[in-house]
Amino acid sequence: MRLSTRGHYGLKAMFDLAQHYGSEPIPLKTVAERQNISDNYLEQLIAILRKAGLVKSVRGAQGGYILARDPSSITVGDIIRAMEGPIAPVDCVSEVEPAECDNADFCITRTVWARVRDRLAEVMDSISLADMLRDAESLSMSKTLLNK
């Protein structure tokens, strides 16, 4: 299973907004520059995240985007599902609407893919943006110590 750039960049954009959570709204141009994402592509991604209820837009001269909820309550799974759809390595084990399969009752590979789906979902749902912020802080501190 391979995520598209939509999922990858959507997560990067959400992490950027999480880094500035509680401050003023962040203009998309600023997020795009910091995360090296084109403005037009980021606009498309933010529209998806907004529709999913993960970000809010603030209009006006000091406008921009903010997280719709606290970083501790938004998981990687929430973001990936918004950007990519249901988590599933193959269609027959989709979280939402599994594809019909004549062999479903006795297909051994379906069992494997269901287990893979469950583990992927478990991991993605266990990591919040707040967890990512803590990990980034730890990495930053480690890098600082190594450079001394």
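Observations
- Considering the range 76-123, the residues that are modelled with pLDDT of 85 or more and part of a loop (DSSP other than H, G, I, E, B) include one that is surrounded by the most Cβ atoms within 10 Å (Cβ to Cβ), namely I87.
- Some residue of the range 19-26 being out of contact with any Pro (no Cβ under 9 Å at 6 or more places or on another chain), surrounded by 13 or more Cβ atoms within 10 Å (Cβ to Cβ) and aromatic (F, W, Y): no
- When restricted to residues that are of a type outside the set (D, E, K, R), under 20 Å from Y21 (Cα atoms) and surrounded by 13 or more Cβ atoms within 10 Å (Cβ to Cβ), the range 124-148 contains 7.
- Residue list for the range 1-20, filter: part of a helix (DSSP H, G or I), closer than 30 Å to R115 by Cβ, touching a residue at least 60 places away in the same chain (Cβ under 8 Å) and not small (G, A, S): R6, L11, M14, F15
- Any hit, the range 54-62, residues being within 14 Å of the chain's Cα centre (by Cα) and not β-branched (V, I, T): yes
- Considered as a group, the residues in the range 95-148 that are in contact (Cβ under 8 Å) with a residue 12 or more places away in the chain and small (G, A, S) include one that is farthest from G77 (Cα to Cα), and that residue is A104.
- Residue within the range 56-63 that is crowded, with 19+ Cβ neighbours inside 10 Å and in contact (Cβ under 8 Å) with a residue 12 or more places away in the chain present: no
- Count of the range 66-95 residues which are touching a Lys or Arg at 6+ places or on another chain (Cβ under 9 Å), within 20 Å of R6 (Cα to Cα) and among the aliphatic types (A, V, I, L, M): 8
- Residue ID - nearest to A114 (Cα to Cα), chosen from residues in the range 21-49 that are touching a residue at least 24 places away in the same chain (Cβ under 8 Å) and assigned to a loop (DSSP other than H, G, I, E, B): I37
The values are calculated or read from the model by the stated rules, or taken from the named source; none is laboratory data. Predicted model only: the values in this text are computed from it and were never measured. Reconstructed Cβ throughout: ideal geometry from the backbone, glycine too, with neighbour counts over all protein chains shown.
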